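Each remark here refers to the structure printed beneath this line.
The values are calculated or read from the model by the stated rules, or taken from the named source; none is laboratory data. Note that the structure is predicted; figures quoted are calculated from it, not measured. In this analysis, Cβ positions are derived from the backbone assuming ideal geometry, glycine residues included, and neighbour counts consider all displayed protein chains.
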Amino acid sequence: MTLKVALEALASDAGVWDDVSTTLGSARDSASGLTVTQGQMSWASDVTGLLQTYEAMRSKTEGLLGAGATQTSTMAQGLRTVKTTYEGSDQAAVERLSSAWAPKDE
């Protein structure tokens, strides 16, 4: 694999993680709107603890989805940072070598 191909792969992978982050963020937003009241469930939902259990599960799911969206976005940014670092290192090497060696005119 050449450096060019590897850099393209880093950019492509970053895009995939951005898509995953967007999907998880949308799912988190959906989960945040899934709250219910005792009247929507049943009169027995509060007495039996179902309402509290449902809210705990909904809240936990919302939190996990949000954390997943944040982490996958961070991964995408990390891949972009690696790509930029390699590009800068490659350019710096070219500049060092070109200043150390100059072809002779014939």
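Points worth noting:
- Checked against the criterion of being modelled with pLDDT of 95 or more and surrounded by fewer than 14 Cβ atoms within 10 Å (Cβ to Cβ), the candidates 63, 39 yield just one match: 63.
- Close pairs from the stretch 53-66: first within 26 Å of residue 19 (Cβ to Cβ), partner of a type in the set (D, E, K, R), Cβ under 6 Å, at least 6 apart: 62/28; 65/28; 66/28
- Helices (runs of 4 or more DSSP H) wholly inside the stretch 1-52 that include at least 2 residues being within 18 Å of residue 73 (Cβ to Cβ): 3-32
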